[in-house]
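What follows is a short report on a single structure.
Read-outs throughout are calculated quantities, based only on the coordinates presented, and are distinct from any laboratory measurement. All figures in this text were calculated on a predicted structure; none of them were measured in a lab. Please note: Cβ atoms are built from the backbone with ideal geometry, for glycine as well, and neighbour counts cover all protein chains shown.
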Amino acid sequence: MKQCNVKFLKLLSATFFIFLSITADSQQTEIRVLDSEDLSPIPYAHICTENKNTGSKTYQATDINGKFQVNIKAKIIISISYIGYETVIDTISPTTSKKEYKLKRTGFDIDEVVVTGQYKPIAVDKSIYEVKLIGKTQIENKAANNLADLLSDELNISLSHDPSTGTSMKLRGISGENIKILIDGVPVIGRLAGNIDISQIDLSNVDHVEIIEGPMSVIYGSNALAGVINVITKDNKYAKFKAGLNTCYETIGTYNANANISLKKKKHLVKFNCGRNFFTGFDTDTSTRRMQYKPKEQYNTGLNYSFNATKFKIKYKVNFFKESLLDRSNLISTPYSIKGFDTWFYTLRANNNIQINHRLTKRSAYDLLAAYSYYDRKRYRYQKDMTNLETQFTSTVSDHDTTKFDAVIARGTYNYASENNKINIQAGFDFNLEYGTGKRMKNSKEDIKDYAIFTGLKWNITPNFAVQPGLRASHNTKYNSPVVPSFNLKYNLKDIGIRASYARGFRAPSLKELYLYFYDSNHQIEGNENLEAEYSHNYNLSTSYKTGTKKNKFEFSIKTYYNIIENMISLVQVDPDNELHYTNKNIGHFKSLGGEAGIQYKYLPYLKIDAGYARMGRMDSYDDNVFIFSNSFNSKLTYNILKINAGISVFYKYIGKYPFYTYWDELQLNYMDAYHNLDITASKKFFHNKIIISGGAKNIFNNIEIQGTQAGSGGTHGSNSGVSSLAGWGRTYFISLKIKITKY
């Protein structure tokens, strides 16, 4: 018995020493993260730990009480970060059992980096351009499914909804043909009635959106008189594996599902995304077969590969988009039959591009972009027998057609910065070739080419004062293009920032404006090969002021602009007896004058409120040198409930009466009536942000159709013009589910 007790004691001692060796080799440490001012816990702060011996890294987040635990075998470097707080970096040894960190609130949010129009990626506050950045947080808070959803509440942007051609936009009163829309720097092609359907640009794989208002013709050439919108897709910089699933249901009859996956191994990254968006259609009169908003089904898919070395990066992307849209006629009854007509529109977009970035030295680098884009739109019309549901092709040849556009783009820039960074130089080339074919083209096949070189110099005269002149020379195969200059300056005075710019613009008419004849049940749009090119002058001035404490932040901004466009091209109604009949015309000179005032308040990290007022006046040749003004107001509120990892957001916009023109015997001024829009969303995150459930209501004021009225003498309202505009499909409710899986 005594011998057994000795053996037991030896075994117990060995177990105890093994336990001591294990705990000495791997110590579990509890970390707590607090707000330095009110000592409240900071949930879901981002944690990165790095083993000093092996260099291996781990990533995690604090729990709802601001705590997390880590096993320490050797000394580690820990980095703790959270939006609105200063990042903390420290070293922890294995003997530490508990550690508490108090994060200090920063003066303002962490600077977000922008790339549009820049010589190199730069913080948005340091950009010489006035860049409006819509980040991924706002995209999530708004529960926006596409670019049209996201931009609907922005000032200086007005949207128009067309049953067949989708959602188009105006920026500072200038139409979509003058707005350059990019995805990762590659222009989007395939305009209908002069506009890109921005409801086709899905946001499930988008990180943020950058908007520059005002001509960017020096850098981006034609189609950039009004400004540039650059959609930046998500990137995976650190995770070995990432996957996500986004689903959304909306009571109007919207069913969306999108998925993505990315794999990273050393310097190589492969990403794949795909999705399906389905809409059942909508009409206020449910007794008819025809719908105001057409049923449609969209598929999108993309495959990306990138190689990232220290000085050399290469990315290859291929993307496809396919849409099927159904336009159904009302029933046609005869004594012997009941029939209807179904017109199908099939749209296919494809783009593949390669981008190369090579840093030659510490002060010089070059970027290359080559892209091929393809756009195809087919139209087929069927007659449907409603008694037996049999369908057959209609015999009229003009009922069926195909229109194709191909675009080849090559772009390159060389950037150089002096040793003290006082001088930054950029020089580049930009080639754009577009081909259009189809029965709707006047000569069945047309093309237009543009070859350009451009250069710019940014001179940091002092740390607070910078100027940037630029110049672009080009050759257009259809029109004589002038040399286009621009000049920008930026001045900082403590917490006050001032930006001013002048830019000259040029835009050659597009192939569609010149030659395309587009007909369906909702349109009769005719090209005009006698169009003249547009020329413009643009002036911008803006100032901003930031103040506040570490807890309460205020930012005030004032912006003003003045645009002059000669030979402006506009789509105008030409037949008083046919409201569908439009053609492109040079309506003469166009001027827009406007301003914007905004205020932003933040109570970090819980509350953010934005409010802004914009007033824009436009003058056409019809207006007898009188500006016709319209007003808009917006506000956005986001409140984060950190203790339950949830939030609520409110988006409101007032759209004042807006001028538009008809052209019957002469240009006639009309107004679209004013209206209000309100969206409310709420979201809750689960399992360390791996699952996000959102829900809410959109278009709470139930806007559907906005009426137009003619302007009488003196600019007052006259009789009803008989023209209306679709504003939405009424009040709807939605719920969405997002799942994110990440492995580092």
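Observations on the model:
- Restriction of the trypsin sites (Lys or Arg not before Pro) in region 296-373 to DSSP coil positions whose beta-carbon has at most 11 other beta-carbons within 10 angstrom yields K311, K362.
- Taking every C-alpha pair closer than 8 Å and separated by at least 6 residues, the mean separation divided by the residue count of region 409-492 gives a relative contact order of 23 percent.
- Region 92-198: trypsin sites (Lys or Arg not before Pro) in DSSP coil with no more than 13 other Cβ atoms inside 10 Å: K104
- Cut-off 12 Å between beta-carbons: net charge of the residues surrounding E30, Lys and Arg +1, Asp and Glu -1: +2
- Annotation: lysines with alpha-carbon distance below 22 angstrom to K404 (same-chain offsets under eight excluded): K180, K296, K317, K322, K378, K439, K442, K445, K449, K478, K512.
- Sorted by Cβ neighbour density within 10 Å, fewest at the top, the residues F405, F320: F320, F405
- Trypsin sites (Lys or Arg not before Pro) within region 438-533: DSSP coil, no more than 11 neighbouring Cβ in 10 Å: K494
- Across region 113-227, the mean sequence separation of Cα contacts (distance under 8 Å, 6 or more residues apart), normalised by length, yields a relative contact order of 30 percent.
- The chain: angle of helix 2-25 to the longest principal axis, Cα-based, in degrees nearest 10: 40 degrees
- Computed about the Cα centre, the dipole magnitude for region 113-227 is approximately 280 debye when only Lys and Arg (+1) and Asp and Glu (-1) carry charge, each at its Cβ.
- Dipole check for the chain: with +1 at the C-beta of Lys and Arg, -1 at the C-beta of Asp and Glu, and the Cα centre as origin, the magnitude is about 4560 Debye.
- At R0 = 41 Å, FRET efficiency that the Cβ-Cβ distance of L541 and D673 yields, to 0.05: 0.80
- Within the chain, percent of DSSP bridges classed antiparallel, to nearest 5: 95 percent
- Gain in span if fully extended, A123 to E419, counting 0.36 nm per residue against the direct Cα distance: 104.6 nm
- Counted residue by residue at 0.36 nm each, then reduced by the alpha carbon distance between them, the extension gain from I89 to F241 reaches 52.2 nm.
- All Cα-Cα distances of region 109-219, cut into 10 Å bins from zero to the largest, leave 13, 46, 36, 6, 0 percent in each bin in turn.
- Contact order for the chain, expressed relative to its length and based on alpha carbon pairs under 8 Å spaced 6+ residues apart, stands at 9 percent.
- Calculated [θ] (222 nm, deg cm²/dmol) that DSSP helices of n ≥ 4 give over the chain, each run adding -39,500 (n - 2.57): -1500 deg cm²/dmol
- Share, in percent, of DSSP beta bridges within region 163-245 that are antiparallel, nearest 5: 70 percent
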